[in-house]
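The values are calculated or read from the model by the stated rules, or taken from the named source; none is laboratory data. Since this is a predicted model, take the numbers as computed values, not measurements. Cβ sites come from the backbone with ideal geometry, for glycine too, and all protein chains shown count toward neighbours. Side chains included, ligands, DNA and RNA excluded: accessible areas come from the protein's heavy atoms. Shrake-Rupley method; radii C 1.70, N 1.55, O 1.52, S 1.80 Å.
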Amino acid sequence: MIAERQTRVLNNVQAINEALDLALERDPRVVLFGEDVGVMGGVFRASDGLQQKYGEQRVFDTPLAESGIVGFGIGLAMAGLRPVAEIQFAGFLYPALDQILSHLGRMRHRTRGRFSIPMVIRAPYGGGVKTPEQHADSPEAILAHVPGVKVVIPSSPERAKGLLLAAIEDPDPVFFLEAIKLYRGVKAEVPEGYYTLPLGRARVVREGDAASLFCYGGMVEVCQKAAEVAAREGVELEVVDLETLVPLDTETIFASVQKTGRAVVVYEAMRTGGFGAEVAARIAEEALDYLQAPIVRVAGWDAPYPPFSAVENYYRPDARRVLEAVQKVLTH
Amino acid sequence: MDTVQYLDDQGKPLQDLPLSQEELLLGYRALRRARHFDERALVLQRQGRLGVYPPFRGQEAAQVGVALCLQADHDWLLPSYRESAAALTFGMPISRLILSWRADPAGWGAPPNVNMVQFYIPIATQIPQAAGVAHAQRLLGKDAVAAVFIGDGGTSEGDFHEGLNFASVFGAPLLVVVQNNGWAISVPTHKQMKVKRIAQRAQGYGIPGVVVDGNDLVAVWSVAREAVARARRGEGPTLIEALTYRVAPHTSSDDPSRYRTEEETARWQQRDPIMRMKNCLLHLGLWSEAQEAELTEALEGEFLAAVEEADQAQEPKPWEIVEQVYAEMQPDQKAAWNYLRGEV
């Protein structure tokens with residue numbers, strides 16, 4: 001149905017802006033807020049023009065306080081609104097972790113369903129664009145470890161729009177992490193009008209039989225590049241975009257492992273305890289029999305994301321490092 | 001800052017009271033009901049029929065006075081763990097409170113006509129949330145208000161400051177009630193803060209701050225009533241500091257003799273909020289010992305019936321562990337649910 005629609009070429013920020021616009025238009029309970037989201041339209045312009053269109057009651061600036069923003073949103077949600085909060089960078093979420101861990105994720109559980117938090121927290125994450133300290137963090141594993149929340153990380157404009165609209169409709173809290181590198185780095189045909197894409201599904205973005213690359217967000221582009229290079233040498237890699245980390249679509253993951261027998265997990269957060277470790281563990285627990293080589297992770301090093309941009313490419317996985325890992329699983 | 005007070009330490013009116021005779025009687029009954037609950041809850045705890053319980057003895061007036069100004073199906077209450085008295089007066093059924101302090105999930109949620117969020121355990125986290133709940137009322141076109149309680153220790157948390165700032169910036173209809181009860185477990189107020197009065201902090205947020213004798217029900221009720229009226233008129237939040245004292249231990253597991261003197265506790269017991277209110281009624285000729293005995297009997301009957309009701313609640317099942325995590329059970333919860341059901 002979506003395929004039959006008219007499309008327009010948009011980048012990720014434009015697609016997200018369009019989704020926010022449609023959500024505000026469709027549901028009067030939706031409110032948008034955060035630092036600089038109003039007059040300025042967000043530091044990345046994700047909410048550009050929306051305050052002018054919907055007024056200061058629906059789209060508003062808040063004081064500079066992340067715990068306050070998340071806590072305030074929890075209150076709005078409990079009272080019946082559909083808050084969409086922007087945290088300026090995912091690396092600034094840490095002051096709000098008490099709100100996230102103690103309440104956002106467990107309010108439904110601790111009130112036995114009396115109060116739920118249908119809230120979306122959007123935050124740009126990840127590196128590759130030479131930002132200052134703390135601006136390039138990838139805290140998805142911390143968020144995925146919170147019971148009661150969902151974690152979604154789109155990798156294309158079409159997916160970003162449909163997934164964000166689904167996240168806003170979702171009755172539970174959703175973290176919506178947006179790769180900064182992709183904001184203006186990708187453009188694609190995006191269907192017009194309102195549509196949602198289901199949360200909790202991974203998708204195969206490139207088919208192959210030699211090995212599976214499991215990735216999400218900013219790493220999808222990197223893995224596709226690696227797959228192109230490998231294809232020139234006749235090695236067909238399968239690229240699986242996990243897209244929703246919580247709940248994780250293990251069926252699609254296991255089906256791919258069954259097909260290729262080899263798994264490389266790619267993420268740009270630091271290696272230890274990163275979300276890729278969870279993917280590797282699930283495969284080891286449930287799909288070990290299909291494997292012909294140990295699972296290999298390609299990740300950031302166990303160090304803070306480097307604030308000195310000249311060397312960030314050594315931290316953030318690139319096609320070269322992905323191909324080294326592919327070599328390892330193919331020659332095992 | 002002046003402390004609002006209507007009754008002297010013995011309960012004799014210091015000036016004309018702003019409450020009607022009916023309200024004075026209603027208030028006294030609510031205080032006694034709260035005290036009765038607290039005393040009987042501690043007995044249940046000692047019998048092993050309640051989990052860890054945080055008593056509120058001595059703080060009844062500070063909580064009841066605010067709750068009496070609120071409507072459960074219209075306004076909102078976001079209490080800390082020590083606010084069973086506020087919850088009870090706001091409209092939470094006794095049986096649910098018992099279940100709640102039994103850590104039984106059957107008691108975690110409020111009934112649909114009671115806008116109370118389950119007692120908050122982390123300190124001050126509910127203040128930004130209460131600001132959001134309050135602001136939402138205005139966005140939804142309602143004149144409802146939210147009331148939130150913490151202790152003096154809670155004012156040291158960042159969320160106290162962020163929440164007050166949000167509430168003031170957005171002009172949210174919110175009452176932030178700090179029960180300054182002298183102690184954050186074993187840490188006395190003077191080691192918690194250098195300011196003399198917590199209510200002074202209101203100035204930093206551009207909102208009214210009021211200090212009230214927290215053991216004087218008439219004073220708390222009148223101060224809270226004014227703050228609620230201001231909030232309903234769209235004039236924003238108020239910070240209320242109720243000066244009171246935690247006569248009881250921090251929880252049923254605490255031993256306050258390790259950090260404070262019996263003399264201090266005894267001194268405050270001589271300003272007991274219930275004794276003061278009773279003396280006030282006796283002074284005004286509104287109460288008798290016969291009515292007192294009748295009230296005690298009625299409260300005991302109500303409590304015993306509630307215990308019976310709570311006892312009839314089914315024990316939680318193991319698989320409830322993974323229920324109500326998401327609106328719809330996700331694959332991981334579903335797998336755990338199936339496993340837990342198979343175990344029994």
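Of the candidates B:167, B:224, B:248, the single residue that is in contact with a Gly (Cβ under 8 Å, 6 or more places away or on another chain) and within 26 Å of residue A:98 (Cβ to Cβ) is B:167. Close contacts from region A:50-77, counting a first residue that is over 23 Å from residue A:28 (Cβ atoms) and more than 7 Å from chain B (Cβ to nearest Cβ) and a second that is open to solvent by less than 10 Å² (accessible area, probe 1.4 Å) and outside any loop (DSSP other than H, G, I, E, B), with Cβ to Cβ under 9 Å and a gap of 6+ residues or different chains, come to A:66/A:96; A:66/A:99.
For region B:296-344, taking the residues that are over 36 Å from the mean Cα position of the chain (by Cα) and farther than 30 Å from residue A:118 by Cα, the one that is least open to solvent (accessible area, probe 1.4 Å) is identified as B:342.
Out of the residues in region B:109-147 meeting the condition of being among the β-branched types (Val, Ile, Thr) and touching a helix residue (DSSP H, G or I) at 6+ places or on another chain (Cβ under 6 Å), tell me which one is nearest to residue B:251 (Cα to Cα). Filtering region B:109-147 for residues that are among the β-branched types (Val, Ile, Thr) and touching a helix residue (DSSP H, G or I) at 6+ places or on another chain (Cβ under 6 Å), the one nearest to residue B:251 (Cα to Cα) comes out as B:123. Residue check: residue B:271 meets all listed conditions (1) in contact (Cβ under 8 Å) with a residue 24 or more places away in the chain; (2) more than 25 Å from residue B:122 (Cα to Cα); (3) under 19 Å from the mean Cα position of the chain (by Cα) but one, namely (3).
For region A:177-212, filtering for residues that are farther than 15 Å from residue A:259 by Cβ and not in a loop (DSSP other than H, G, I, E, B) leaves 12. Criterion applied to A:23, A:96 was being open to solvent by less than 10 Å² (accessible area, probe 1.4 Å), in contact (Cβ under 8 Å) with a residue 24 or more places away in the chain, over 17 Å from residue B:162 (Cα atoms) and of a type in the set (A, V, I, L, M, F, W, C), and the one residue passing it is A:23. Looking at A:278, A:285, just one residue is within 14 Å of chain B (Cβ to nearest Cβ), without any contact (Cβ under 8 Å) to a residue 12 or more places away in the chain, open to solvent by 30 Å² or more (accessible area, probe 1.4 Å) and among the acidic types (Asp, Glu), and that residue is A:285. Once region A:103-151 is narrowed to residues that are open to solvent by 30 Å² or more (accessible area, probe 1.4 Å) and among the hydroxyl-bearing types (Ser, Thr, Tyr), the residue that is nearest to the other protein chains (Cβ to nearest Cβ) is A:116. Residues in region B:87-125 that are of a type in the set (S, T, N, Q) and at the interface with chain A (Cβ under 8 Å from one of its Cβ atoms) were compared, and the one that is surrounded by the most Cβ atoms within 10 Å (Cβ to Cβ) is B:125. Looking only at region B:38-63, count every residue that is touching a residue at least 24 places away in the same chain (Cβ under 8 Å) and assigned to a loop (DSSP other than H, G, I, E, B) and tell me the total. The number of residues fulfilling the criteria is 11.
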